[in-house]
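Comments concern the structure below.
Quick note: the coordinates plus some simple rules give every number you see, no bench work behind them. Given the structure is predicted, the values throughout are model-derived calculations rather than measurements. Cβ sites come from the backbone with ideal geometry, for glycine too, and all protein chains shown count toward neighbours.
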Amino acid sequence: MAPIRVLVVDDAAVLRRLVARALTSAGGIDVVGTAGDGEQALEQVERLAPDLVVMDLEMPALDGVGAVRELRRRGWATPVVMVSTPTDDGAEATLRALAAGATDFFPKPSRASSPAEALARVRDGLVPVVRALAGHAVAGGPGRAPASSVHVGRPVVPPLAPAAVRPPVVAPAPSAGPAGVVRPPVVHVAALHPPVVNAPAPARPVAPAAPAPAPLAPSRPSASTGRGVPGEPAVPAPRPGSPARPPAPAAPAPARTAPVGAAASPPAAASPAAVPGRRGAGLPAVVAVGSSTGGPEALARLLQALPADLPVPVVVTQHMPPVFTRQLAVRLDRLGPLAVREAEDGDDLRPGRVLVAPGDRHLVLRRAGADVVVQLSQAAPVNFCRPAVDVMLRSCVDVHGAGVLAVVLTGMGSDGRDGCADVRRAGGAVLVQDAATSVVWGMPGAVASAGLADAVLPLDAVAGAVASACRRGAPALAGGAR
């Protein structure tokens, strides 16, 4: 396989050399050029057509945000990873760069005790991101996006549709990429069971994993971002403060996949009588959203499209370091109709309020009398992540039983898969973003390939499905009438 061709852009020669050395030392990556500012970067991209660009935010002449914006205006879909400073200003600029078309970001290795530590932190945190994103881009074709694309630099996502129920669609077969890219086969549709509000349901086995041509890539920790990244065996995901649980037992279930390219029609919505443990209206009590690579923009599009009168609270775990999650919450609060804030200990859950897990803290729900509140935890990382989606989902199940609607968006690794197994076992519902609109189909793909998704949807259909499920119950996920 040809090496990944990377352009490194930074006005500091020391950092250019550090990043270049970290990338090339990992193997399979060639640094084909360097640039000292945004204008030089534009020239080098035109001349070299690299597979990926690693770019500093703060540069003379033309900064990183301006350079990304100009690359996208010229039609270049090349993934761009921003190298940012972990400060409020740096985090805010990073989010502006992501909104302008950057694909992901990597915090500068500040406070490293030695050059060797700085090199190791860049290599361990940046290399898996480069491999995953460059593999997605190479599989997708040439560096220039179609002239009609409005979201170049990431898989093209159609404009947001009104919040309405649509049947899930069959996603195209994902293209093959390097071993570091987690892109299992698409699970097209599953409409099995609605959630039950605030009441545990009898335990039931989780549907077995659909056959896949290759196993999911495991993960290891990124010292800089806290994300699970492909490479080494992942540890089990225990609930904080309790021993690890064994995997959910598999049991025979109807087939949940359709051949790629074959016509697929959504199955009929589950009837109330056919759903074990179903009681009452079947409306969710909480919507729990997990995301990682590509997540900030996916969250922005999701929350912008949710209605202002959403009748349930929303909790979010996005793999991000401290400071960045605070700025993410500020930006999401400005963009959409819902009130968004970074969660604090003791925050109560209210309809229409969105609470974002802080960087380096697990977000856990617990009961406080008649209320449900947030508890932040620095318990051990799960899936090498803190905050972890699995921790959040399991606490949601502990509090709300079957009244959990889990949503897993774009991201590397498999965080969220085991938590979704708990949601399904309790009788809740699971939505995942499809491969075609994900920056990396790792987390949602892991859930889908394990047979845990009630629906695999393009990003622009997720908000409508969530809103409908929160008003009409889980059968709406399949477009079925109640």
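Label-point separation (nm) for GLU117 and ARG350, each offset 7 Å from Cα along Cα-to-Cβ?
So the two model labels end up 4.3 nm from each other.
Regarding region 371-411, what are the three Cα extents along the principal axes, ordered largest first, in Å?
Largest first, region 371-411 extends 28, 24, 12 Å along its Cα principal axes.
With the dipole of region 336-482 worked out from charges on the C-beta (+1 for Lys and Arg, -1 for Asp and Glu) around the Cα centre, which of ALA402, VAL364, CYS385 lies farthest toward the positive end?
ALA402
Given region 333-396, what percent of its DSSP beta bridges are antiparallel, to the nearest 5?
Close to 70 percent.
Using only the alpha-carbon atoms of region 1-148 as identical scatterers, what base-10 log of I(q)/I(0) does the Debye formula give at q = 0.08 Å⁻¹?
Log10 I(q)/I(0), no solvent term: -0.19.
Quick one: plug the Kirkwood hydrodynamic radius of region 1-56 (C-alpha pairs) into Stokes-Einstein at 25 °C, 0.890 mPa s, and report D in µm²/s.
On the way: Rh = 11.1 Å.
Estimated diffusion coefficient is 222 µm²/s.
If I stretch the segment between ASP89 and ALA2 completely, what's the gain in nm (0.36 nm per residue apart, minus their alpha carbon distance), one decimal?
Values: separation 87, 0.36 × 87 = 31.32 nm, distance 3.78 nm.
Value of the extension gain: 27.5 nm.
Using only Cα atoms, what Kirkwood radius does region 336-482 have, in angstroms?
Working: mean 1/r = 0.0636 Å⁻¹.
Roughly 15.7 Å, rounded to one decimal.
So for region 20-107, averaging the separation of alpha carbon pairs under 8 Å that are six or more residues apart and normalising by length, what relative contact order in percent results? Could you put the intermediate results ahead of the total?
Values: 117 pairs, mean separation 21.6, N = 88.
That works out to 25 percent.
Would you report the distance distribution of C-alpha pairs in region 283-403 as whole percents per 10 angstrom bin, up to the bin with the largest distance?
Using 10 Å bins, I get a P(r) of 15, 50, 32, 3 for region 283-403.
Please work out, to two decimal places, the log10 of the ratio I(q)/I(0) at q = 0.13, 0.26 Å⁻¹ from a Debye calculation in which every Cα of region 395-479 carries one identical scatterer.
-0.36, -1.29
Taking the simple approach of a point 7 Å from Cα along Cα-to-Cβ for both ARG17 and GLU39, what is their distance in nm?
2.6 nm
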